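This report concerns only the one structure given below.
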Amino acid sequence: MKKDMKINRRRFITSGALGVLGLPLLSIPSRNAAPSDRVRVAVIGLGSQGRSHMNWFNNLPDAEIAALCDLDKKRLEETRKQLQSINPDSRADIYTDFRHVLDRKDIDAITCATPDHWHALVAIMASQAGKDVYGEKPLTYSLTEGQAMLKNLKGNNSVFQLGTQIHAGENYHRVAEIIQSGRLGKIHTVRLWKTGGSPGLGFPPNQDPPDTLDWNMWLGPAPYEEYTPVRCHGTYRYFLDYSGGVFADFWCHIADIMFMSIHPKGLSSIESRGERPQDGIADAPRWIDVDFKFEDLNVYWTTKPPDVPGSDKMHIGAHFEGANGSLTCDYTTRFIKLNNEILTDLPEVPVTLTRSPGHQQNFVNAVKSRTQPESNLVYAREMTIPMHLAVISFRLKRKLRWDSLKERFIGDEAADFLLSRTYRKPWSLPS
Ligand SMILES: NC(=O)c1ccc[n+]([C@@H]2O[C@H](COP(=O)([O-])OP(=O)(O)OC[C@H]3O[C@@H](n4cnc5c(N)ncnc54)[C@H](O)[C@@H]3O)[C@@H](O)[C@H]2O)c1
């Protein structure tokens, strides 16, 4: 899809597509869209999640995989073959350096499923090259990166969707409707949890990276370290240099339902407790519990589930406590406690939220209509901030006070210092 097509579509869709709820109506994809009407997508980072991106976008009638990119040639070749097998007509080009993908004028959007420490830079550089972005969670490695992303993507008028696909599901929409209906009364407490923690991964020796892998590029803006396989594919997420462990991995999946339902504001304090693993070189929390104080709302993150209805079967969950009742949910189930009864729905609560056509279709529709999708950057950034602050509290082992307007800690230079990091040269974060 060329730039002028974008403008044509913008006129076409925005002229008649505002729904009664003030939300953009979600267009029904036309089967067999003409090639000129398809959004041309490049997938960057081809681990298990990048391959899911490839499958998802390949299956959309009005999207087309135009390029695949990974700095690991072995993974790149395997994924190219996989695409050929599911779509023999595909003419996707392959790249080891994402900057060459961004040079392509005929690519409309990129998806990014690299490790977390690359998310912001890839998204910003893509937006500077005129691309829209479907980017994986967690949104960013640091809070400062989120600020830079917001400034750049807004300035370049880029569409952004965070890859939290559960957001699009029926259960989250229904939970949000029930909470927003007020039937449970004012929500004063939310409990979020994810069982299990990050492993230490042992003490493997350093070794030469495989010839097929560009290790220096993989590290990108992160500090230089010698290669050992556990630092790289998949298990990188257990190192604080690249991510924030199980906590950072799952925070946005389940905090999403809290933000979707009540969008808490005015975060003022964060207190993490936890331990790093003792059995290896990885340093993300083996367990972490966090107390957050928002305006009129207490939020507790725990590694063990709280004792609430249904939680024994949920490895991840959210529990809302209101003045009149409570609701416990995970990605697909919910238990409502009202008047001493446990229910799965409140039929008297009307359907008020527009349902998603699917998380990736929602993005493609937004690209075509030049609107922002459901998990857009403003939303995703606000949802991600508490996670960054909790990791800093974990690292410093103390309670932190936060000024949510200035986006700085109160009277704590050391904590402020950890809101950003110095990029390893030649990489730098655009301001
Ligand atoms: N939405 C979800 O449910 C979900 C599920 C799993 C993973 N994820 C997210 O997806 C991302 C990837 O996770 P994964 O498990 O597939 O990781 P992975 O380590 O298996 O794959 C990442 C791939 O990115 C490549 N890569 C690294 N830097 C690159 C760069 N600069 N340019 C091109 N390629 C680069 C690596 O070589 C690797 O093949 C993570 O951010 C993770 O949090 C999301």
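The values are calculated or read from the model by the stated rules, or taken from the named source; none is laboratory data. All figures in this text were calculated on a predicted structure; none of them were measured in a lab. A quick note on method: Cβ atoms are made from the backbone with ideal geometry, for glycine too, and the neighbour counts reach across all protein chains shown. Surface accessibility is based on the protein's heavy atoms, side chains included, excluding ligands, DNA and RNA. Shrake-Rupley method; radii C 1.70, N 1.55, O 1.52, S 1.80 Å.
At-a-glance table
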item: Residue, farthest from the chain's Cα centre (by Cα), within segment 218-266, restricted to residues that are among the acidic types (D, E) and away from the ligand (no atom under 14 Å from the Cβ); result: E226
item: Among the candidates N298, N340, residue that is touching a residue at least 24 places away in the same chain (Cβ under 8 Å) and open to solvent by 10 Å² or more (accessible area, probe 1.4 Å); result: N298
item: Residues (out of contact with any Leu (no Cβ under 7 Å at 6 or more places or on another chain) and β-branched (V, I, T)) located in segment 190-235; result: T195, T212, T228
item: The one condition in (1) aliphatic (A, V, I, L, M); (2) more than 23 Å from G169 (Cβ to Cβ); (3) in contact with a helix residue (DSSP H, G or I) (Cβ under 7 Å, 6 or more places away or on another chain) that L353 fails to fulfil; result: (2)
item: Residue in segment 382-400 that is assigned to a strand (DSSP E or B), at pLDDT 95 or above and surrounded by 13 or more Cβ atoms within 10 Å (Cβ to Cβ) present; result: yes
item: Selection from segment 90-106 of residues that are within 10 Å of the ligand (Cβ to nearest atom), of a type outside the set (A, V, I, L, M) and open to solvent by less than 40 Å² (accessible area, probe 1.4 Å); result: D97, F98
item: Flag if A109 is more than 10 Å from the ligand (Cβ to nearest atom) and over 18 Å from the mean Cα position of the chain (by Cα); result: no
item: Subset of segment 277-295 [open to solvent by less than 20 Å² (accessible area, probe 1.4 Å) and more than 13 Å from A255 (Cβ to Cβ)]; result: P277, G280, A282, A284, P285, I288
item: Those strands (runs of 3 or more DSSP E) lying entirely in segment 34-103 with at least 3 residues hydroxyl-bearing (S, T, Y); result: none
item: Qualifying residue in segment 138-161 (condition: part of a strand (DSSP E or B) and either open to solvent by less than 10 Å² (accessible area, probe 1.4 Å) or under 27 Å from F250 (Cβ atoms) (or both)); result: yes
item: Only listed residue being under 24 Å from S326 (Cα atoms) and either among the aromatic types (F, W, Y) or without any contact (Cβ under 8 Å) to a residue 60 or more places away in the chain (or both), chosen from G266, G245, G182; result: G182
item: W215, sole failed condition from (1) within 25 Å of K337 (Cα to Cα); (2) hydrophobic (A, V, I, L, M, F, W, C); (3) within 16 Å of the ligand (Cβ to nearest atom); result: (1)
item: Residue match in segment 178-190 (condition: open to solvent by less than 20 Å² (accessible area, probe 1.4 Å), closer than 14 Å to M258 by Cα, part of a helix (DSSP H, G or I) and more than 14 Å from the ligand (Cβ to nearest atom)); result: yes
